[in-house]
1. With Lys274, Lys298, Lys335, Lys294 as the choices, which residue is closer than 30 Å to Arg148 by Cα and basic (Lys, Arg)?
2. For the list (1) out of contact with any Ser or Thr (no Cβ under 9 Å at 6 or more places or on another chain); (2) modelled with pLDDT under 95, I need the number of the one condition that Val234 fails.
3. Name the pairs: first residue in segment 148-160 and within 17 Å of Ser188 (Cβ to Cβ) and in a loop (DSSP other than H, G, I, E, B), second residue among the polar types (S, T, N, Q) and at pLDDT 90 or above, Cβ to Cβ under 6 Å, at least 6 apart or on different chains?
4. What residue, of Glu141, Glu171, Glu132, is more than 30 Å from Glu290 (Cα to Cα), acidic (Asp, Glu) and either outside the structural domain of Leu299 (by TED's automatic domain parsing) or assigned to a loop (DSSP other than H, G, I, E, B) (or both)?
5. Any residue at all in segment 217-229 that is touching a Phe, Trp or Tyr at 6+ places or on another chain (Cβ under 7 Å) and exposed (fewer than 14 other Cβ atoms within 10 Å of the Cβ)?
6. In the set Ser193, Ser156, which member is among the small types (Gly, Ala, Ser), surrounded by 14 or more Cβ atoms within 10 Å (Cβ to Cβ) and modelled with pLDDT under 95?
7. Identify the single condition in (1) within 14 Å of Ile168 (Cα to Cα); (2) of a type in the set (Asp, Glu); (3) surrounded by fewer than 13 Cβ atoms within 10 Å (Cβ to Cβ) that Asp211 does not satisfy, given that it satisfies every other one.
8. Restricted to segment 251-265, and to residues that are without any contact (Cβ under 8 Å) to a residue 60 or more places away in the chain and surrounded by 14 or more Cβ atoms within 10 Å (Cβ to Cβ), which residue is nearest to Glu137 (Cα to Cα)?
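The values are calculated or read from the model by the stated rules, or taken from the named source; none is laboratory data. These numbers come from a predicted model, not from an experiment. Counting neighbours? That spans all protein chains shown, and the Cβs are built from the backbone with ideal geometry, glycine included.
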Amino acid sequence: MKLLKNEKAEKSTYVLEFSVEKDVFDNAVEKVYRRQVKKINIPGFRPGKAPKAIIEKMYGGSVFYEDAINDLIPENYSSALDEAGIKPVGQPKIDVVSIDENGLVLSAVVPVRPDCKIDGYKGIEVEKDSVEVSEDEIDREINTVRERNSREIEDSDEAAAKGDFAKIDFEGFIDGEAFEGGKGEDYSLKLGSGSFIPGFEEQVEGHKKGDSFDVNVSFPEDYHAKELAGKPAVFKVTVKSVTKVQLPELDDDFAKDVSEFDTISEYRDDVKAKIQKRHETEAENRMEEELVNKLMDKLEAEIPEAMFEAETENFVRDYDNRLRMQGLDLSTYFKYTGLDLDKLREQFRPQAERQVKARLALETVANVENIDVTEEELDEEYANIAKSYNMEKDKVKELVLPEMVKEDIKVKKAMQLIKDSAVIKQK
């Protein structure tokens, strides 16, 4: 391989031209011929025995060129990158310049990391939500725990109430006519769950085992079955049994059962503190997101399309991996959602663009500020990665290059620098 051209082009790309010697190209063509001749039938020759010259005469002199060029590209393109000192950030666009008595000449348009400039990244003004915890929030959190620790009293003679289970038979009618899908037997309905159309469950409340009655409701205008949407209906309902859900009393014994605390007051204070911490984390995340958005607006860079495409593919691969962990795959997902690969890429594209821009902005800040990474910080980050993936630290070091880990640490430190210098106003 000989590098003939190395020129910077627009939109963060380089144009390389490199040649492949004629004997190397001819050998590649010969290898393709030997690989493909077994599948080529030429009248007068046994299968796999047709001479190369005959095949070329019959199908054209360049019949084996495309595959030969594809075989040569990886090694020779890699050598051209090394000689040019270029680190690509995506797949190149490669074209044939010439094929003649001197050999093969190829051109490659190579996307590279853009030259970035950023100013005004210190003192960015952002708002942060004030964090308050209401008594209702605490009550809801505690009631969720009460429901998990509730007991059921089956076949109760008491009237059904919100939160109870009513086993019902029902049949629906519109204008006196039964409609398809409107009938059920021994259906266990949790009152207050919202699983039936609005108004249905509320009219079951207050009824006891053995009661038969009418429920009058109207289907929502946006109901999924268009023939029923917006229409009034009457359901003939019979309650066959009521299962009462008995919640534990909110007392010290409950606190001892569900927590490490001895009193309900201490338990309630702990629940409040945990909600507070959760809200503070959410407020911090929203503030950081606004900070990054404003930081990205200050980035000046011609970002090549290849970087967005590569990051989009990363999102797709990550999503595929998550599906596989659930026993699914993309083809099954597409079958049930009606999406395809292009539509999934389209969905992930905005996230991918934001990820690329945010990373470039933070990397640029790290470079401007000459942020460095100590060996102690590197070792600590390896330990964090090992803990996250439940792996040995030495194994992580074998799999993840220190340069990659250092870049991630620099980005985190750049983000902290920007946060520390930001002007944060409380909402």
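1. Numbers: Lys298 fails: closer than 30 Å to Arg148 by Cα; Lys335 fails: closer than 30 Å to Arg148 by Cα; Lys294 fails: closer than 30 Å to Arg148 by Cα.
Result: Lys274 is the single residue among Lys274, Lys298, Lys335, Lys294 that is closer than 30 Å to Arg148 by Cα and basic (Lys, Arg).
2. Condition (2) is where Val234 drops out.
3. Filtered contacts from segment 148-160: Glu154/Thr243; Asp155/Ser241.
4. On the way: Glu141 fails: more than 30 Å from Glu290 (Cα to Cα); Glu132 fails: more than 30 Å from Glu290 (Cα to Cα).
After applying the criteria, what remains is Glu171.
5. Pass one, segment 217-229, residues touching a Phe, Trp or Tyr at 6+ places or on another chain (Cβ under 7 Å): 217, 228-229.
With exposed (fewer than 14 other Cβ atoms within 10 Å of the Cβ) added as a condition, the list becomes 229.
Yes - at least one qualifying residue is present in segment 217-229.
6. Numbers: Ser193 fails: surrounded by 14 or more Cβ atoms within 10 Å (Cβ to Cβ).
Just a single option satisfies the conditions, and that option is Ser156.
7. The failed condition is (3).
8. Initial filter on segment 251-265 (without any contact (Cβ under 8 Å) to a residue 60 or more places away in the chain): 251-253, 255-256, 259-265.
Cutting the leftovers down to surrounded by 14 or more Cβ atoms within 10 Å (Cβ to Cβ) gives us 252, 255-256, 259, 261, 264.
Values: Asp252: 20, Ala255: 17, Lys256: 21, Ser259: 18, Phe261: 20, Ile264: 16 Å.
Taking the candidates together, the pick is Ile264.
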